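What follows is a set of notes on a single structure, which appears directly below.
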Amino acid sequence: RIPFFFVLGEVRSPGKYNLPQGTNVMTAVSMGGGLKDEAGEEVAIIRPGNPLSEIMTLEEAESKKVPIITLNLRDALAGVPKHNAPIQGGDSIIVSKMPFFFVMGEVRTPGKYNLERGTTVLRGISMAGGLRDAGEEVVIIRPNNPHSGGMTLEEAEAKKVPIVALNLKDVLADDPKHNLPIQAF
């Protein structure tokens, strides 16, 4: 019987594949048609003790206490061996979706942006084309549950969502106390 594995998530051709000897994460992603534009940096490998004939979701794996190995795709692409792990029969390789955030208000191009590693408030403002008639404050809204759209300050206050107010001059001066890292929406 030929061993197999699954490739899921943000790949062009998700599905079940035969497992050639020596297959690693990057080979598996390639066999799955390569990455979609929405692919994030995280890859999860679900490794059941006995190879299953069907796909197992992350939720199922967590509830059944099946081992989940989390790797960084960017590091795997850069050739870091521990992030380009070998694939075993029955593994499910899940490529995450790129997290995102919103920049709204007095910027040139308000909207949704991909959240790359290390993105700060200042970088977010820059990605949105810079400031336009901005006041003295930048507000970060950090909802507990992901949303498909941006959230206004009024909505955040009404729902008692955490709000972080920052001094714009300090953000623009790249003060680490004010130029905070952006978190996924």
* To do: Given the options Asn84, Asn18, Asn144, state which has the largest fluctuation in a GNM of the chain using a 10 Å cut-off (strictly under) for Cα springs.
  => Asn144
* For the chain, calculate the relative contact order in percent as a whole number, restricting contacts to Cα pairs under 8 Å that are 6 or more residues apart. => 20
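How much of the accessible area of the stretch 1-149, in percent, comes from carbon and sulfur atoms when a 1.4 Å probe is used?
50
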* To do: Determine the dipole magnitude for the stretch 41-149: charges of +1 sit on the beta-carbon of Lys and Arg, -1 on that of Asp and Glu, nothing else is charged, the reference point is the Cα centre, and the result goes in debye to the nearest 20.
  => 160
* Structure fact -> With +1 on the Cβ of every Lys and Arg and -1 on the Cβ of every Asp and Glu, the dipole magnitude of the chain about its Cα centre, in debye rounded to the nearest 20, is 620
* Lys/Arg +1, Asp/Glu -1 at C-beta; the chain dipole; positive extreme among Gly90, Leu153, Gly40 -> Gly90
* Structure fact -> Quick calc, the stretch 16-64, dipole around Cα centre from Cβ unit charges on Lys, Arg (+) and Asp, Glu (-), nearest 20 debye, gives 320
* Structure fact -> If amide H atoms are modeled at 1.01 Å from N in the peptide plane, then the residues at a separation of 5 or more from Val161, or on another chain, having amide H under 5 Å from its own are none
* Structure fact -> Per-residue ellipticity at 222 nm attributable to helices in the chain (runs of n ≥ 4 DSSP H, -39500 (n - 2.57) apiece, nearest 500 deg cm²/dmol) works out to -4500 deg cm²/dmol
* To do: List every residue whose amide H lies under 5 Å from the amide H of Lys97, counting only residues 5 or more places away in sequence or on a different chain, with H placed 1.01 Å from N in the peptide plane.
  => Gly40
* Mind giving me the FRET efficiency for Arg12 and Gln183? R0 is 25 Å, r the Cβ-Cβ distance, nearest 0.05 is fine. => 0.30
* Asked: How much area per residue is accessible in the stretch 39-164 when the probe is 1.4 Å and only protein heavy atoms are counted (Å²)?
  -> 59
* Asked: Lys/Arg Cβ at +1, Asp/Glu Cβ at -1, dipole of the chain taken about the Cα centre: which of Thr109, Ile2, Gly49 is farthest positive-ward?
  -> Ile2
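The values are calculated or read from the model by the stated rules, or taken from the named source; none is laboratory data. Treat the numbers as computed from the prediction; the structure is a model and nothing was measured. Methodologically, a virtual Cβ is constructed for each residue, glycine included, from the backbone with ideal geometry; neighbour enumeration extends over all protein chains shown. Areas reflect the complete protein model, heavy atoms only, side chains present, ligands, DNA and RNA absent. Shrake-Rupley method; radii C 1.70, N 1.55, O 1.52, S 1.80 Å.
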